[in-house]
Structures are given as C-alpha cells and as structure tokens.
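Working notes for the structure below.
The values are calculated or read from the model by the stated rules, or taken from the named source; none is laboratory data. These numbers were taken from a predicted model, which means no experiment stands behind them. As a convention, Cβ positions derive from the backbone with ideal geometry for all residues, glycine included, and neighbour counts pool all protein chains shown. For the accessible areas, the whole protein counts, side chains as well, though only heavy atoms, and no ligand, DNA or RNA atoms are used. Shrake-Rupley method; radii C 1.70, N 1.55, O 1.52, S 1.80 Å.
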Amino acid sequence: MKEILTVKNLTLSYEGKNVLENINFDVQEGDFLVIFGENGSGKSTLIKALLNLKMPSKGKITLREGMRHCDIGYLPQAALLEQNFPASVWEVVLSGTLNKMGLKPFYTKKEKDIAKKNMELLSIYDLKRECFRNLSGGQKQRVLLARALCSANSLLLLDEPVSGLDPAATADFYEVICKINDAGTAVIMVSHDVHSSLSVAKHVLHIGAKTTIFFGTPHEYEIEQMGGR
Ligand code: ADP
C-alpha cells in the first residue's frame, strides 16, 4: 500500500491560538478514513488545511508525487451549499470537470464522457435532464458525489455527507460510497454517525482537546472505546 496523503506534526491556528496541535495520520491508496470529533474540535479547520485553504502553523501535509490539492474531490456540508440553483443534473455533474479543462472555454467529448461514466456509476444517468433543486436529499447527494468524482477520482473528501438524510437515504449513501471505495477511490469522511461509519471505515481518526485522541483501525477503536487495549 502506498500513501497518497501524509500529515505530519500538523498544527493549525487562528490568530496565534492553536486549534489542533501535532496531528499525525496518513491515507493509503484505496483507504477509507473516518474523522470523528466533537463540535468545535477542529474538523472543518483540518479539512480546509487538506484542501490547501488554510496554511499550517507547524508541520506538513504531503500529497503523493504528481497529485495536487485540486485533485481531491470535495463534497461540502449540505448546509454550506446552495441547494436551489436552477441547473439540470447534467450541468451540475459536468461542472465538476471544470478544473481539468485548463483554459478551454467549452466542454469537449472527454469531459462529457467523464460526467456520463460517473453518473452511470451512481445510477443517476436517467435523472440527467431533471432540475437539481427538485430532487430529494438523497438524490442531490448522489449528484454532488458524481460531481466530486468528476473533479478527482483518487481521493474524495466528504464533510458530514449523511447529516440531514433520512435513514433510507443514509443507508443508500453508504452503499454508494462503499462501491466507489471498492473501485479504488480513497475516501476521507467527517462524520457524527459513529455506528454506521465504523462499519465502512478502514481507519479512524478521532480528534479532540486540540490533538489526536486516536488513529488506527475501527477494530482497535472499538476496543479502546470499551476501555481497554
Ligand atoms: P468543527 O468543524 O470540529 O466543529 P472548527 O474547525 O469549525 O470545528 O472550529 C475549531 C475551532 O476554531 C473553534 O473553536 C472555532 O471557534 C475556531 N474557528 C473556526 N474558524 C475560525 C475562524 N475563521 N477564525 C477564528 N476562529 C475560528
């Protein structure tokens, strides 16, 4: 297994005040890392750093050679998204290819093929002409996931992707994300849904009290949570 992302001695701060200190973890090819932490523990700040939107005060985030931060497919929290824009499903998914297009002013067959492939993978190709804002919450998440896959397929970063979804849509989302992971895409998922996330994770990072509370496998995490190693 090869690392695609390594975080070493990372410290993140706002105005000189540390939010996270000395964080260490890595993500391997095909990995599924779940990040847990109380509200205010620094999960969003860590995500910003992984996307290169926040500079470390100390330490380093290293991506696999040849990979750039814009190669990380990102699904933001639903609350941060404009859910009502009047675009079709096809337009939303296709817009995920924008960062691959360079200075070309229009989509070519290559971008359209990428969008179609990811829509088929997520079984939403028949929704192509639907208006995004008319979809259910679960369908919207599939569309946004297909969009994220168009911008990157070696690493996906998902920020609380099931919050706001009903249990059936949540189960459906986990099924889809496991399918994507099984096909070789590494996943980092911030989640509050400990029970379900542990069943899909390959590694767990728990942050709190400014630092790493735990990093290891779900099995080791469950043993630790039970109070003994
Ligand atoms: P989480 O995502 O785990 O809820 P955040 O990363 O949003 O946590 O926040 C971690 C800490 O950093 C909190 O104490 C929060 O108040 C602080 N914080 C977050 N964003 C900013 C900012 N832009 N300026 C100053 N402090 C911030």
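Scanning the chain for GluC sites (Glu not before Pro) in DSSP loops with at most 16 neighbouring Cβ atoms within 10 Å leaves 131-229 as the longest stretch between them. With only Cα atoms counted, the chain has Rg and Dmax values of 17.8, 58 Å. With each label modelled as a point 7 angstrom along the Cα→C-beta vector, the His69-Arg129 pair spans 4.1 nm. Annotation: the antiparallel percentage among DSSP beta bridges lying fully within the chain is about 55. Ordered from highest to lowest accessible area with the whole protein assembly present and a 1.4 Å probe, Asp126, Asp31 read as Asp126, Asp31. For the chain, with all protein chains in place and a probe radius of 1.4 Å, 52% of the accessible heavy-atom surface sits on carbon or sulfur.
Comparing Met67, Met119, Met189 in a Gaussian network model of the chain, where Cα atoms under 10 Å apart are tied by springs, the biggest mean-square fluctuation is seen for Met67.
With a Förster radius of 35 Å applied to the beta-carbon distance between Glu3 and Ser95, the computed FRET efficiency rounds to 0.70.
Taking 0.36 nm per residue of separation and subtracting the Cα-Cα distance, full extension of the segment from Asp26 to His195 would add 58.6 nm. Here Lys210 is the anchor, and the lysines within straight C-alpha reach of less than 29 Å, apart from those fewer than 8 places off in the same chain, are Lys2, Lys8, Lys17, Lys43, Lys48, Lys54, Lys58, Lys60, Lys202. Summing Lys and Arg as +1 and Asp and Glu as -1 over all other residues whose Cβ lies under 9 Å from the Cβ of Lys2 gives a net charge of -1. Cross-link reach is defined here as a Cα-Cα straight distance under 20 Å, omitting same-chain residues fewer than 8 places apart; for Lys117 the lysines meeting it are Lys100, Lys109, Lys128, Lys140, Lys179.
Could you report the chain's accessible area per residue, 1.4 Å probe, as an integer in Å²?
51 Å²
The Kirkwood radius of the range 61-192, taken over pairs of alpha-carbon atoms, gives through the Stokes-Einstein law at 25 °C and 0.890 mPa s a diffusion coefficient of 163 µm² s⁻¹. Applying a DSSP loop filter and a limit of 13 other Cβ atoms within 10 Å to the trypsin sites (Lys or Arg not before Pro) in the range 111-199 leaves Arg129. Among Leu94, Leu144, Leu156, pick out the residue whose Cα is farthest towards the positive end of the charge dipole of the range 1-156, where Lys and Arg carry +1 and Asp and Glu carry -1 on C-beta, about the Cα centre. Highest projection toward the positive end goes to Leu94.
The calculated 222 nm mean residue ellipticity attributable to helices in the chain amounts to -9500 deg cm²/dmol, summing -39500 (n - 2.57) over DSSP H runs of n ≥ 4 and dividing by all residues. Among the complete DSSP H segments of the chain, which ones combine at least 15 Å of alpha-carbon extent along their axis with a mean Kyte-Doolittle hydropathy of -1.0 or more? Once both thresholds are applied, what remains is 137-151, 167-182.
The distance between label points at Lys60 and Lys109 comes to 4.4 nm (points 7 Å beyond Cα on the Cα→Cβ vector). Between Glu220 and Lys17, how high is the FRET efficiency from 1/(1 + (r/R0)^6) when r is the Cβ-Cβ distance and R₀ = 25 Å? Nearest 0.05. That pair, Glu220 with Lys17, gives E of 0.20.
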